[in-house]
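All remarks here apply to the structure that follows.
None of the figures in this text is laboratory data; all of them are computed from the coordinates on show. In this text, all values refer to a predicted model and were calculated from it rather than measured experimentally. Using ideal geometry, Cβ is built from the backbone for each residue, glycine included, and neighbour counts are taken over all protein chains shown.
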Amino acid sequence: MTAAHAEFTAPAVSAAHRLDCDVLVIGGGTAGSMAALTAAENGADVLLLEKAHVRHSGALAMGMDGVNNAVIPGKAVPEDYVAEITRANDGIVDQKTVYQTATRGFGMISRLERYGVKFEKDEYGEYAVRRVHRSGSYVLPMPEGRDVKKVLYRVLRRRDMREKITIENRLMPVRVLTENGRAVGAAALHTRTGEFYVIGAKSVILATGPCGRLGLPASGYLYGTYENPTNAGDGYSMAYHAGAELSGIECFQINPLIKDYNGPACAYVANPFGGYQVNADGDRFVDSDYWSGDMMKEVVREIDSARGPIYLKVSHLPTETIDTLESILHTTERPTRGTFHANRGHSYHTHDIEMHVSEIGLCSGHSASGVWVDENGATTVDGLYAAGDLACVPHNYMIGAFVYGELTGSHASDRAKHTPAPGELPADQIADAHELIYRPLRNPDGPPQPQVEYKLRRFVNDYVAPPKTSNKLGIAVETFERMRGEIAQMGGRTPHELMRCAEVNFIRDCAELAARSSLTRTESRWGLYHQRDDLPDRDDARWGYHLNVRKNAGGAMEFIGRPVAPYLVPVEGLNHIPPQDRSVIAVEQPRSGVGPAVTVGGTPGPVPDDTRPETPATHEPLSPRIAELVRMESVTVEELTDYLEDEDPAVRRTALATLTEHTPDGFDSALAAALSDPDAAVRRTAVEALRELVEILSAEAGFVAALHEVADSEDHLVRAGVLDLLRSLKAAEPGLFDRALTDPHHRVRIEAIRGLVSLNDAPSVAVAARDANREVRVVAAQGLATIGDGAATLRELSTDIDPLVRAAAFTALAALGDAETDGDVLRKALRDSAWQVRKGAATGLAVAPGPKTVAALAELVTDRHGDVRKAAVQTLRPWSEHPDVAELMALAGHDEDADVRAAAR
């Protein structure tokens, strides 16, 4: 093997290259370039790191077709713009940060012009600002916008700037280093050579852009994202692990785009020329005044309706206008746009542009999710700044990114003048960063990054993307926690693959931040961006706060509520939002269900010790005898005897599985014998096998005797299984089920009740109805209904302290109740706060037909819970000849729940 093809190995931590600077800028896009230029102009020694190449990195890489938020004197005023952004963000805005963009944006446009960036002007040399929204003229086209990054790079490479700015391309930081709560540098990977770098800095500026690679595009392509696909959430992850607060992470970025193409439809450009959004009927449908989450909600609703798809209508425009549009849209930002349309045989002269919505992402530039900063771009970590799409300054767009690049460059360099240079950098954090980077080399044949990333982002689409619910978000949190281990097993062989694997770690961090933040803000806000279908209302009284998240001293995510600051600019309808109490409050993560009896968030729920080990299982090498069993084509019990007695429980379990698969003569007795195995997992396998095969078991005397012999096993799973089997075989000894009603484990007692029901022994079941365990009482109520006896016991259970027991009793009264005795009680129970009780009472009222019951159930036909509505409709349906009931059935026929509609038919 030649040196050129030698296998790449991880460098030692001690071999790290050390770089030092006054101001470290991470990210060479819009904000990062401006931050570096400003800091250098202020006298700082600047190090600019870019994991790609500054010449063509960031959102500006392929150009920009216009400025979305230009506040030009004489065309707009800053206060109007601040009010507009406040409305677009439902009042959750730190107006001081937005005001910086509003007041400094025009000066930035002038600075860019000095650099050589061109903006559209009219015949009088005035800026040709256009109006896109129903209020305010803020859009300034850039006919030569494709050259913006080229211009910036040219300025960065001027001799006077080269003396102060060192650019290191292909160097990707993975962690910001901190000491005593202060940012002191970063640790990084060289994505071409694989070398390890550590950087010491007096101030650090994060300008890494959005997390555009969070959701998976509809195309399924990992890098076919709306945002620049190199933006994998690097800065969000680095800021979080450095201890900085992040804010509004639940307020996702979702943008309109061209259907099947990962580029914007550019209504910002087309609308000023006379284009507009229509549905398939040709009707305008957008009611929102600003391109916000509310507008995105309208867009999705229209797409999903019978009026979809939707289009950006331009074909009605004059030929010369369309030519102008195409010349702008097909040459800036996404030059492949024209090729995309041409390959479909489409022209804007003849076809309108079908629109859709993008995957979700985190981006303050187009939404409000970012690192918490003050009006100078400083984070909550001393010496750490954030700018651009990463910084939480809502709807900041390109000009805002430039403005905050300038602000952070100025303040970070001022701070560096009075800050000592860091000496020895924190060894533990450097070691952790080294481990994060080079871990895939230890497992080169592990799951490749594209597969793991696809799986991760598929889960984001399935469980985090709106509409959101507690149940889906709970699954997301559980999934992203579990995927830590899967990500740790990713394999890589080259520096480029190491970069991609590190990015998956960033994406996972962002996914968990997004899921937990969405779960914790218990309201809906920002239209589609945070649409909680289980909590559809906006709650200003409780949520006049920025929801911020940070990493606590124990390494866990914790949430705080920062009150919305008093407005600089009053906004009608929103002035009540900033709370009087200016205290920062702790916000507890709610617990959420992810399935039956499972919760996530907050404090972990109890895990039964018979279903999950308290410590991770160790994996010993499998016995070769297991392979022998698997290869067997046909078997006898005699051939399996040696395996069934093997000292390795795994072999014994596999032998039982083989028995179950082949069922040779005598398999039942062999399985029964395994119920006494010393290993719990083997016993469980035997129980499950016998229950699986119950339909082919015979009540042969020897087999039944073997079951009775283990009926008193110390293992409750065996005791319960034996009761179930003997009930099914109708072979239980007299008194066996009665005796089992006193078993210490409730699962055994439940099987005993089922056995008693099979014998129609209502008195004994009535005894079980007084059991201390709720589940046992519920099964007893159901058993009495099955037997058809025991109404008096059910009436006792209808006053039980537990709502599920009451619900079961009321349901059972449908079979055993009496209209005169039980009608009033059942109708009163319809007002119970527990939906299960309301449902049970609605079902039970089948015994009490009449006007009073119809009137009572009428209220439940519009109950907030679908199962309650369904139960009410099912009870009323047989009485539909009554006019009042017929009217209720017609109402239920239009219910949003398909089951309710079906019940009404």
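Would you kindly give the portion of the calculated P(r) for segment 755-811 that falls above 17 Å, as a percent of all Cα pairs? The partial results should precede the final answer.
Working: 354 of 1596 pairs.
Above the 17 Å cut-off, segment 755-811 has 22 percent of its Cα pairs.
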> Considering only Pro173, Ala488, Ile626, whose Cα is most displaced toward the positive end of the charge dipole of the chain, charges sitting on Cβ of Lys, Arg (+1) and Asp, Glu (-1)?
Replying inline: Pro173
> Where the centroid of each part is defined by its Cα atoms, how far is segment 678-716 from segment 225-268 in Å?
Replying inline: 57 Å
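Tell me whether segment 716-783 comes out rounded, prolate or oblate; compute the Cα gyration tensor, take square roots of the eigenvalues as a ≥ b ≥ c, and use a/c under 1.5 as the rounded threshold.
Values: a/c = 1.79, a/b = 1.23, b/c = 1.45.
Here segment 716-783 falls in the oblate category.
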> Which whole-number percentage describes the relative contact order of segment 299-444, with Cα contacts under 8 Å and a sequence gap of 6 or more?
Replying inline: 16 percent
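Mind ranking 803-816, 874-887 by how tightly packed they are, going by the mean number of other C-beta atoms within 10 angstrom, highest first? Display every interim value, and only then the final one.
Working: 803-816: 24.4, 874-887: 15.6.
So the peptides 803-816, 874-887, ranked by packing, come out 803-816, 874-887.
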> What is the helix-to-structure angle for 883-892, meaning the angle in degrees between its Cα long axis and the longest Cα principal axis of the chain, kept from 0 to 90 and rounded to the nearest 10?
Replying inline: 50 degrees
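Can you sort Asp509, Asp80 from fewest to most other Cβ atoms within 10 Å of each residue's own Cβ? Don't jump to the answer; show the numbers that get you there.
Working: Asp509 22, Asp80 16.
Going from sparsest to densest Cβ surroundings: Asp80, Asp509.
Once you've got the Cα coordinates, tell me which of Lys164/Lys551; Lys96/Lys164; Lys121/Lys313; Lys51/Lys551 are over 28 Å apart.
Numbers: Lys164/Lys551 35 Å; Lys96/Lys164 31 Å; Lys121/Lys313 25 Å; Lys51/Lys551 25 Å.
Correct reply: Lys164/Lys551; Lys96/Lys164.
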> Under a plain spin-label model, where a point goes 7 Å from the Cα along Cα-to-Cβ, how far apart in nm are His418 and Asp160?
Replying inline: 2.7 nm
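By average Cβ neighbour count within 10 Å, what is the ranking of 45-51, 502-508 from highest down? Provide the component values of the computation, followed by the final result.
Details: 45-51: 25.9, 502-508: 23.9.
In descending order of packing, they fall as 45-51, 502-508.
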> With each pseudo-label sitting 7 Å past Cα toward Cβ, what's the Arg442-Lys852 distance in nm, one decimal?
Replying inline: 7.4 nm
> If you line up the Cα atoms of segment 256-356 on their principal axes, what length do they span on each, largest first, in Å?
Replying inline: 31, 25, 23
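Hey, what did the chain get for relative contact order, percent, Cα under 8 Å, at least 6 apart?
Numbers: 1812 pairs, mean separation 95.8, N = 905.
Computed over the chain, the figure is 11 percent.
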> To the nearest Å, what is the center-to-center distance of segment 172-201 and segment 564-581, using C-alpha atoms only?
Replying inline: 40 Å
>> To test your reading of the geometry: what angle, between 0 and 90 degrees and rounded to tens, separates the Cα axis of helix 851-860 from the longest principal axis of the chain?
In response: 40 degrees
> If the viscosity is 1.567 mPa s and the temperature 4 °C, what translational diffusion coefficient in µm²/s does Stokes-Einstein give for segment 819-905 when Rh comes from Kirkwood over Cα pairs?
Replying inline: 105 µm²/s
> segment 36-112 to segment 500-546: how many Å between their Cα centroids?
Replying inline: 25 Å
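So what is the relative contact order of segment 819-905, in percent, for Cα pairs below 8 Å that sit 6 or more residues apart?
Values: 108 pairs, mean separation 20.3, N = 87.
In percent, rounded to a whole number, it is 23.
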> Where nothing but the Cβ of Lys and Arg (+1) and of Asp and Glu (-1) is charged, how large is the charge dipole of segment 819-905 around its Cα centre, in debye to the nearest 20?
Replying inline: 120 debye
>> I'd like to know which of Leu804, Ala502, Gly107 lies farthest towards the positive end of the charge dipole of the chain, counting +1 on Cβ of Lys and Arg and -1 on Cβ of Asp and Glu.
In response: Gly107
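Fewest first, what order do Trp835, Trp543 take by the number of other Cβ atoms within 10 Å? Walk me through the intermediate numbers first.
Working: Trp835 17, Trp543 22.
Going from sparsest to densest Cβ surroundings: Trp835, Trp543.
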> Pulled fully out, how much extra length does the chain show between Arg774 and Asp382, if you take 0.36 nm times their separation in residues and subtract their Cα-Cα distance?
Replying inline: 135.7 nm
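Students often check this: by mean Cβ neighbours within 10 Å, which of 82-94, 553-565 ranks highest, and how do the rest follow?
On the way: 82-94: 23.8, 553-565: 14.6.
Going by the mean number of other Cβ atoms within 10 Å, highest first, we get 82-94, 553-565.
Would you mind getting me the FRET efficiency between Asp867 and Arg691? Use the beta-carbon distance for r and R0 = 30 Å, nearest 0.05. Don't skip to the end; give the middle numbers.
Working: r = 30 Å, r/R0 = 0.99.
Computed FRET efficiency for Asp867 and Arg691 comes out at 0.50.
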>> Once you order the gyration tensor axes a ≥ b ≥ c over the Cα atoms, which shape class does segment 190-289 get: rounded for a/c under 1.5, otherwise prolate or oblate by comparing a/b with b/c?
In response: prolate
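Test of understanding: express the Cα radius of gyration of the chain as a ratio to 2.2 N^0.38 Å, with N the residue count.
Numbers: Rg = 33.7 Å, N = 905, 2.2 N^0.38 = 29.2 Å.
With N residues counted in the chain, Rg over 2.2 N^0.38 Å equals 1.15.
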>> What is the ratio of the Cα radius of gyration of segment 437-600 to 2.2 N^0.38 Å, with N the residue count, to two decimals?
In response: 1.24
> Dipole magnitude of the chain about its Cα centre, charges +1 at Lys/Arg Cβ and -1 at Asp/Glu Cβ only, in debye to the nearest 20?
Replying inline: 3200 debye
> Cα axis of helix 95-115 to longest principal axis of the chain: angle in degrees, 0 to 90, nearest 10?
Replying inline: 40 degrees
> Between Ile258, Phe273, Asn343, whose Cα lies farthest towards the positive end of the dipole of segment 256-356 when Lys and Arg beta carbons carry +1 and Asp and Glu beta carbons carry -1, centred on the Cα centre?
Replying inline: Asn343
>> Taking the beta-carbon count within 10 Å as an exposure proxy, list Val393, Val637, Val778 from fewest neighbours to most.
In response: Val637, Val778, Val393
